Amino acid sequence: MDYSDDFLRRILKRTKTIAVVGVSAKQVRPSYYVARYLGLKGYRVIPVNPGLTGQTLLGETVYGALEDVPVPVDMVDIFRRSEAVPPLVDSALAKWPELQTIWMQIGVRHTDAAAKATARGVDVVQDRCPKIEYQRLFNELRMGGFVTGRVSSKLQ
């Protein structure tokens, strides 16, 4: 999938609240550290995982399904297999008429579900990671993809 930097930057700037579907409580899992990173960047991250329902993760209550999330969200970030996407998109579109973005993580794609959301005026990103795109677009990546914390090119 090819998305312009302006398109991705606009999504990341306007988004305030993200429902992360498939988030893990295991800190070594990508879904956990992506959700944690987004929270550290100022987004409100609402965790969604039926196996963790009612627990607290990253300072928020975990919900078992999108239908259970009691607050409006701007983006649904999907950490599930591609075949799980259609019912998630249907739930998100039914729950939030004002939903702005469906974001499918790296390796996650579903053409029909994406078309359905797009037809409703929802921006769709497939096969990308908002953490990686945020770092790339807002100059947080350094040589080798690491955030070194150095501002100077001088050796210390």
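The values are calculated or read from the model by the stated rules, or taken from the named source; none is laboratory data. Please read all numbers here as calculations on a predicted model, not as lab measurements. So basically every Cβ, Gly included, is an ideal-geometry build from the backbone, and we count neighbours across all protein chains shown.
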Screening 69, 85, 34 for residues that are over 18 Å from residue 10 (Cα atoms), touching a Phe, Trp or Tyr at 6+ places or on another chain (Cβ under 7 Å) and not basic (Lys, Arg) leaves only 69
Cβ pairs under 7 Å, 6+ apart or interchain, first in segment 59-74 and under 15 Å from residue 16 (Cα atoms), second among the acidic types (Asp, Glu) and not in a strand (DSSP E or B), ordered by first then second residue, are 72/98
Among the residues of segment 39-46, is any at pLDDT 95 or above, part of a helix (DSSP H, G or I) and within 28 Å of residue 139 (Cα to Cα)?
yes
Going through segment 4-30 in order, the residues found to be part of a helix (DSSP H, G or I) and in contact (Cβ under 8 Å) with a residue 60 or more places away in the chain are 5, 7, 8, 9, 11, 12, 14, 30
Restricting segment 107-140 to residues that are touching an Asp or Glu at 6+ places or on another chain (Cβ under 9 Å) and without any contact (Cβ under 8 Å) to a residue 40 or more places away in the chain, the one nearest to residue 17 (Cα to Cα) turns out to be 117
Every listed condition ((1) of a type outside the set (Gly, Ala, Ser); (2) under 23 Å from residue 133 (Cα atoms); (3) assigned to a loop (DSSP other than H, G, I, E, B)) holds for residue 97 save (2)
Restricting segment 51-84 to residues that are of a type in the set (A, V, I, L, M) and in a loop (DSSP other than H, G, I, E, B), the one surrounded by the most Cβ atoms within 10 Å (Cβ to Cβ) turns out to be 73
